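Novice: Questions regarding the structure given below will be posed in turn.
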Amino acid sequence: MGSSHLTVESPAHGWQEAVPVETISDLREQPNTLLWLDIADPGPREIELLRQEFAFHELALEDAAHRHQRPKCDQYPDYYFIVLYAAEAHDHRIETRELQMFWGQNYVVTLHDGPLPLIDEARRRWSRGVNRVGDGVAYLAYTLLDSLVDQYMQVQDAVAEWVEDVEERIYPRPNAAVVGELFALRKTVVRLRRLLRPTRDVLNEIIRRDLPLFPEPMR
């Protein structure tokens, strides 16, 4: 069963956390009101919410419902649908999870399975933003993407430490356990390259496209 968390920045009430999702329609009609709807473990009920409240294209909703999509950026008339992968290091294990994002003029919708640390980090950074209204939800989108890439750096450090550990144990005489771990490391790196390398292409697409969802200085 999915869970939704709606954060709102409005001229009348300022920063608001855990706003009822039933108010989305009214909030979207209010000038200069910014919305972030974060959905963990989305199911049919959450997909229907997106259909009714945002009228997203059925192809995008189908991708959101099935997940396990390739990294991409699909442009619709007034929003992006973006798919990227978050990565976290746990000892000698790298976990990757899909992050989907709808990014419109005054809203961001994020979808993912389970809790994602970068979501909490982006919420903290957006709440501290000195020009939240002036930068719109573009600054939120930026913090989400920046937090995502920051995690890549942590994973890179973890893989480097893993390599050093294997190197220390493989000499002077390799054993079956170390050889097996070496193959596991290689498999992990190949998988990471396949999932994370397209992130650069997705970000370049956002920057090059004509949909004006962020201020020019943010480019």
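Novice: State whether one or more residues within segment 145-159 are aromatic (Phe, Trp, Tyr), surrounded by 17 or more Cβ atoms within 10 Å (Cβ to Cβ) and either assigned to a helix (DSSP H, G or I) or in contact (Cβ under 8 Å) with a residue 12 or more places away in the chain (or both).
Specialist: No, there is no match, as no residue in segment 145-159 is aromatic (Phe, Trp, Tyr), surrounded by 17 or more Cβ atoms within 10 Å (Cβ to Cβ) and either assigned to a helix (DSSP H, G or I) or in contact (Cβ under 8 Å) with a residue 12 or more places away in the chain (or both).
Novice: Mind telling me which of the residues 140, 195 ends up being in contact with a strand residue (DSSP E or B) (Cβ under 7 Å, 6 or more places away or on another chain), within 30 Å of residue 16 (Cβ to Cβ), at pLDDT 85 or above and surrounded by 12 or more Cβ atoms within 10 Å (Cβ to Cβ)?
Specialist: The unique qualifying residue is 140.
Novice: When residue 29 is evaluated against the numbered criteria (1) touching a residue at least 40 places away in the same chain (Cβ under 8 Å); (2) open to solvent by 40 Å² or more (accessible area, probe 1.4 Å), which criterion, by number, is the only one it fails?
Specialist: Unmet for residue 29, out of (1) touching a residue at least 40 places away in the same chain (Cβ under 8 Å); (2) open to solvent by 40 Å² or more (accessible area, probe 1.4 Å): (1).
Novice: Residue under question is residue 167, and the condition is that it be of a type in the set (Asp, Glu), assigned to a helix (DSSP H, G or I) and touching a residue at least 60 places away in the same chain (Cβ under 8 Å); does it hold?
Specialist: Spelling it out, it is not the case that residue 167 is of a type in the set (Asp, Glu), assigned to a helix (DSSP H, G or I) and touching a residue at least 60 places away in the same chain (Cβ under 8 Å).
Novice: What are the pairs with Cβ atoms under 6 angstrom where one residue, in segment 171-191, is farther than 13 Å from residue 95 by Cα and of a type outside the set (Lys, Arg) and the other, located anywhere, is open to solvent by 70 Å² or more (accessible area, probe 1.4 Å) and in a helix (DSSP H, G or I)? Sequence gap at least six, or different chains.
Specialist: If the second residue must be open to solvent by 70 Å² or more (accessible area, probe 1.4 Å) and in a helix (DSSP H, G or I), the pairs left are 178/169.
Novice: Next up: Select from segment 97-110 the residues that are touching an Asp or Glu at 6+ places or on another chain (Cβ under 8 Å) and over 17 Å from residue 17 (Cα atoms) and list them in ascending order.
Specialist: Once the filter is applied, which keeps residues that are touching an Asp or Glu at 6+ places or on another chain (Cβ under 8 Å) and over 17 Å from residue 17 (Cα atoms), segment 97-110 yields 97, 98, 100, 104, 105.
Novice: When the residues of segment 4-26 are filtered to those that are assigned to a strand (DSSP E or B) and not β-branched (Val, Ile, Thr), which remaining residue is surrounded by the fewest Cβ atoms within 10 Å (Cβ to Cβ)?
Specialist: 14
The values are calculated or read from the model by the stated rules, or taken from the named source; none is laboratory data. Just so you know, these numbers come straight off a predicted model, no measurement behind them. Cβ sites come from the backbone with ideal geometry, for glycine too, and all protein chains shown count toward neighbours. All accessible areas refer to the heavy atoms of the entire protein, side chains included, with ligands and DNA or RNA removed. Shrake-Rupley method; radii C 1.70, N 1.55, O 1.52, S 1.80 Å.
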